[in-house]
Amino acid sequence: MLNSYDGSKGILYLLCSDLECDAEALETIYKKRWKVEVFHKTLKSNASMAKSPSHTVLTQSNHLFMSIYSVFRLEVLASKLKLNHFELRAKLYLSALRSSFQELQRLAGA
């Protein structure tokens, strides 16, 4: 039985083609694989790796490097603040919106 972040519960069925694999080994493999899935999702969703407007090899390479580097920085910050990547992104986005709205109010009052 698994508990999720929202309090719901469910059963996770793990399958493996290796008939000699025991439950503990299967769980270890799944945990490692899941970290890779989270990394790829973060690259795509939080670092906008797939949204590169570049057309030359150099600009594509730079975008790829900076996407991976930004995920690394995001991981360091998320670990330090004990948040997941999406919570951290939401907090940063909300902070930027507040700052923009305050600047808009300042300009409207001038």
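The values are calculated or read from the model by the stated rules, or taken from the named source; none is laboratory data. Just so it is clear, the model here is predicted, and its values are computed rather than measured. Quick reminder, even Gly has a Cβ in these numbers, built from the backbone with ideal geometry, and neighbours come from all protein chains shown. Heads up: the accessible areas ignore ligands, DNA and RNA and are worked out on the full protein's heavy atoms, side chains in. Shrake-Rupley method; radii C 1.70, N 1.55, O 1.52, S 1.80 Å.
Which of the following residues is in contact (Cβ under 8 Å) with a residue 24 or more places away in the chain, in a helix (DSSP H, G or I) and aromatic (Phe, Trp, Tyr): Phe39, Phe65?
On inspection, the qualifying residue turns out to be Phe39.
Please work out which residue is modelled with the highest pLDDT, limiting yourself to region 1-41 and to residues that are acidic (Asp, Glu) and closer than 22 Å to Phe86 by Cα.
Step by step, filter region 1-41, then rank; the result is Glu37.
Can you find, within region 48-106, the residue that is least open to solvent (accessible area, probe 1.4 Å) among those that are over 11 Å from the mean Cα position of the chain (by Cα) and of a type in the set (Val, Ile, Thr)?
Taking the candidates together, the pick is Thr59.
Of all the residues that make up region 24-36, how many are surrounded by 10 or more Cβ atoms within 10 Å (Cβ to Cβ) and either of a type in the set (Asp, Glu) or under 8 Å from the mean Cα position of the chain (by Cα) (or both)?
Qualifying residue count for the region: 1.
Quick test for you: out of Leu92, Leu81, pick the one residue that is at pLDDT 90 or above and either farther than 19 Å from His40 by Cα or in contact with a Lys or Arg (Cβ under 6 Å, 6 or more places away or on another chain) (or both).
Leu81
Would it be correct to say that Glu20 is without any contact (Cβ under 8 Å) to a residue 24 or more places away in the chain, surrounded by 10 or more Cβ atoms within 10 Å (Cβ to Cβ) and acidic (Asp, Glu)?
Criteria not met by Glu20.
Within region 19-36, how many residues turn out to be over 29 Å from Lys91 (Cα atoms) and assigned to a helix (DSSP H, G or I)?
Count: 8.
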